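Asker: First, the structure itself, so that you have it in front of you.
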Amino acid sequence: MEQVITSTEAALASGFAMSAYCRLLDIKKWDSWKDLMAGEATFEFLDISGNRELYFDSPSAFVAATKEYIGTAVTVHHLHNQEILQTGAGSVTVRWSMEDRICFDKGARADFTFFHGFGHYTVTFVKRNDAWLISKLVLSRLAISFR
């Protein structure tokens, strides 16, 4: 018998998982961050026009690229306004409004030292062995600014 997830369970589980996603990313606990992702997870990043900027077909590729891009920069990620879009047997898709800031070390980048973005995360989670794991993450940007 397949387990159908209630909205309450889905809201709590996905909220806890994405809170951990942001926290672990911001404190650069890369192995623990990767543990939040299913082995088949995909990651897509869309610009403000909806065009694909980046796509990763595995957690390993995504984590490696993120580590390289962020380096020692200070990051702050915030999530707001959780919307449960779909629940099913062992899965849930949720959207959050998001804001992120990245402060790069002086001289780390030639083009800018500060990034500020707004958008929406749409994330599908799957339940595996009592853990909720990211199986698909899409970040759609609404606005970005650089200094």
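Asker: In region 125-139, how many residues are over 17 Å from Gly15 (Cβ atoms), part of a strand (DSSP E or B) and over 11 Å from the mean Cα position of the chain (by Cα)?
Answerer: Within region 125-139, residues that are over 17 Å from Gly15 (Cβ atoms), part of a strand (DSSP E or B) and over 11 Å from the mean Cα position of the chain (by Cα) number 1.
Asker: When you scan region 116-147, how many residues do you find that are more than 18 Å from Phe56 (Cβ to Cβ), at pLDDT below 95 and in contact with a strand residue (DSSP E or B) (Cβ under 9 Å, 6 or more places away or on another chain)?
Answerer: Residues meeting the conditions: 5.
Asker: Taking region 24-59 as the region of interest, how many residues are free of Cβ contacts under 8 Å to residues at least 24 places away in the same chain and of a type outside the set (Asp, Glu)?
Answerer: 12
Asker: Can Glu40 be described as over 14 Å from the mean Cα position of the chain (by Cα), assigned to a strand (DSSP E or B), surrounded by fewer than 18 Cβ atoms within 10 Å (Cβ to Cβ) and not polar (S, T, N, Q)?
Answerer: Considered against the rule, which asks whether it is over 14 Å from the mean Cα position of the chain (by Cα), assigned to a strand (DSSP E or B), surrounded by fewer than 18 Cβ atoms within 10 Å (Cβ to Cβ) and not polar (S, T, N, Q), Glu40 comes out as yes.
Asker: Mind checking which pairs have a first residue in region 128-147 that is more than 27 Å from Ala89 (Cβ to Cβ) and a second that is outside any strand (DSSP E or B) and among the hydrophobic types (A, V, I, L, M, F, W, C), Cβ under 9 Å, 6 or more apart or different chains?
Answerer: Filtered contacts from region 128-147: Arg141/Ile48; Leu142/Ile48; Ala143/Ile48; Ile144/Ile48; Phe146/Phe112; Arg147/Phe112.
Asker: Being modelled with pLDDT of 95 or more and assigned to a helix (DSSP H, G or I), is that true of even one residue in region 70-77?
Answerer: no
Asker: Could you grab me the full set of residues in region 43-69 that are over 17 Å from Val123 (Cα atoms) and part of a helix (DSSP H, G or I)?
Answerer: Result: Ser60, Ala61, Ala64, Ala65, Thr66, Lys67, Glu68, Tyr69.
The values are calculated or read from the model by the stated rules, or taken from the named source; none is laboratory data. From a predicted model like this one, the values you see are computed outputs, not experimental measurements. Methodologically, a virtual Cβ is constructed for each residue, glycine included, from the backbone with ideal geometry; neighbour enumeration extends over all protein chains shown.
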